[in-house]
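Below you'll find the structure, written out as structure tokens, and then a few comments.
The values are calculated or read from the model by the stated rules, or taken from the named source; none is laboratory data. Because the structure is predicted, anything quoted here is derived from the model rather than measured. Here the Cβ positions follow ideal geometry from the backbone for every residue, glycine too, while neighbour counts run over all protein chains shown.
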């Protein structure tokens, strides 16, 4: 059975006779999402489910010690602790998340276990740590010598200021590689994942939008899915991805829905987000994808049903300081 056939067999109902046969299969945030998409596509090609696929895709940056903000090798908080947040969600309402989790390389897999093995949707901190151990996950020190050295250098000034588009500044000490990954089968089944270690040198205990359903990620069967990136606090203020999906439910295209959320943040926050970056990525149940951001520079990776991946620039509200 091919990818399309395997996905169709377990798909959610699709409105009317619409199908996603000509749309995107997998989309994810930022340039490095291309490698995550490839892993997700390989999992589907081998017979995996959409949940298997988004988990496999999220695991790629989690295990990459060269990036500084997902899983192993991630930047610590200001006290030197690497803390991880992740969420996984299906269009039928299944969802699991972890926040402020330490000592485990793949928080996305712990989040999936929360979804499948508990009656809860999120576990945090010490409780998430205990649960991961009980579920057989192996502990590992996530603070690499390189990340520790960068943290100690930062301590000399201890200035905390998020930098727009740091996600694509590869090798930078503040490299922030939050990834949101969305998938849509030919029959319109939807799933998504998001994983991060959050902003570099954040306050201990800080949790951003990423692991919160409706903020960093939201998936609704028969409608669409959305992921957010950038300054998580700004996304959380408006329940950003729930807003994007609601706009798609009301009839907006994925790009238009993302733009509406960005416009709302800009109107609500004004000068407070003058230099901040927030981006949204969405896909609807027909496989149509789109994105929009506050600032230029946000990119996203799109993989079609033949496994061909391209990285595309998102449109933005501001261009060289002016509204567009």
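Among (1) free of Cβ contacts under 8 Å to residues at least 40 places away in the same chain; (2) in contact with a helix residue (DSSP H, G or I) (Cβ under 7 Å, 6 or more places away or on another chain), there is one condition residue 308 misses while meeting the rest; what is its number?
Result: residue 308 passes all but (2).
Of all the strands (runs of 3 or more DSSP E) wholly in the stretch 90-186, which have at least 1 residues that are modelled with pLDDT of 90 or more and within 28 Å of residue 294 (Cα to Cα)?
Here the list reads 95-101, 179-184.
Might you check whether a residue that is at pLDDT below 60, buried (at least 18 other Cβ atoms within 10 Å of the Cβ) and within 16 Å of the chain's Cα centre (by Cα) occurs anywhere in the stretch 8-27?
no
Scan the stretch 127-142 and tell me whether some residue there is farther than 19 Å from residue 190 by Cα, touching a strand residue (DSSP E or B) at 6+ places or on another chain (Cβ under 8 Å) and surrounded by fewer than 21 Cβ atoms within 10 Å (Cβ to Cβ).
There is at least one residue in the stretch 127-142 that is farther than 19 Å from residue 190 by Cα, touching a strand residue (DSSP E or B) at 6+ places or on another chain (Cβ under 8 Å) and surrounded by fewer than 21 Cβ atoms within 10 Å (Cβ to Cβ).
How many residues does the stretch 199-219 contain that are surrounded by 24 or more Cβ atoms within 10 Å (Cβ to Cβ), touching a residue at least 40 places away in the same chain (Cβ under 8 Å) and touching a helix residue (DSSP H, G or I) at 6+ places or on another chain (Cβ under 7 Å)?
5
Residues that are free of Cβ contacts under 8 Å to residues at least 40 places away in the same chain, buried (at least 19 other Cβ atoms within 10 Å of the Cβ) and closer than 15 Å to residue 193 by Cβ: does the stretch 82-95 have at least one?
no
Kindly establish whether residue 293 is touching a helix residue (DSSP H, G or I) at 6+ places or on another chain (Cβ under 6 Å), buried (at least 24 other Cβ atoms within 10 Å of the Cβ) and within 24 Å of residue 196 (Cα to Cα).
No: the conditions fail for residue 293.
Out of the residues in the stretch 40-53 meeting the condition of being in contact with a helix residue (DSSP H, G or I) (Cβ under 6 Å, 6 or more places away or on another chain) and within 17 Å of residue 111 (Cβ to Cβ), tell me which one is surrounded by the most Cβ atoms within 10 Å (Cβ to Cβ).
In this case the residue turns out to be 40.
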